[in-house]
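J.: First the structure, then my questions, so here it is.
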């Protein structure tokens, strides 16, 4: 039978209520026409389709394109109620791109949504997993969001590298930026975030890239300039820095009543207190020695105090003798040696020299600040 074409501007050609239709049929029957271009007066939409719509599918076509108040729908299936392959829809200030593989819009299996109203965002949603494969050498990037890592708060938020670097590993968190300015100072950003990190008493560690960690403690913050005590922050150990939990800091206290500096003594605890001390914890580091006396030597010169770990001096001041005593607190800064490491079973003692003029300084208090690894 010959092919047929029909241009109709009258009443509905079929039960779908279509007016102003151009239909092409290859089989000679209007019921089975294969191509139609029509305006649906009932639903107020224009359709380009590949089969005659029925009343139940007035809003949905088979293997064609539909323009309606809901948006643009492109379909590549046979006439099944509500079955669409792609649907582009504008809704208020938002735009939705839906993919539907089952009957009815409720069965949407993929959606890309650009949302302007409320909280502006783009949402990608699927019933299955989402796989993103960048080209070789390329990455997913969140550039343009200042301090993005600070807003990664939800369990399902995707972190960036800086966030991961800043997460705790055995109680230590990486931190940037920092710039060494001396063996005892470095600069960082002058903001509330960094001030909270580098608060006084915060344990820190630093090293060359993949090198040996050196340990210290923050003793001062001043507008982004940080002062530390501990192992020297040398130019050989300033590639990486981490800050630790405050629980990693511990202080060991010792008191010796009466005169203690009647001569050089490398074992004050043993000889003046008749006692021994040892470390029973895990790896740790003596990063600061603090001492004070009630009564100074009555002469011009004062005795010096040092800590000893496994019989080796910890402080390096005055050729490893330590710092002079005073009636005010005396603290080491970065005059700390590599002998500051404590392992389980390490012996601990105090030492003094014969530097006092009259050897009558008395009532000594000593605190050793320890940072645990």
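J.: How big is the gap, in Å, between the Cα center of the range 132-156 and the Cα center of the range 193-250?
T.: 28 Å
J.: Enumerate the whole-percent occupancy of each 10 Å bin, from 0 to the last occupied one, for all C-alpha pair distances of the range 271-373.
T.: 16, 47, 30, 6, 0
J.: While we're looking at this one, here's another question. If packing is taken as the average number of other Cβ atoms within 10 Å across a peptide's residues, how do 145-151, 197-203 rank, most packed first?
T.: 197-203, 145-151
J.: Return the Cα extents of the range 175-246 along principal axes one, two and three, sorted largest first, each rounded to a whole Å.
T.: Result for the range 175-246: principal-axis Cα extents of 30, 23, 18 Å.
J.: Kindly rank 328-334, 154-160, 175-181 from highest to lowest mean number of other beta carbons found within 10 Å of each residue.
T.: 328-334, 175-181, 154-160
Every read-out reported here was derived from the displayed coordinates using simple, explicitly stated rules and does not represent laboratory data. The structure displayed is predicted, hence computed values, not measured ones. In this analysis, Cβ positions are derived from the backbone assuming ideal geometry, glycine residues included, and neighbour counts consider all displayed protein chains.
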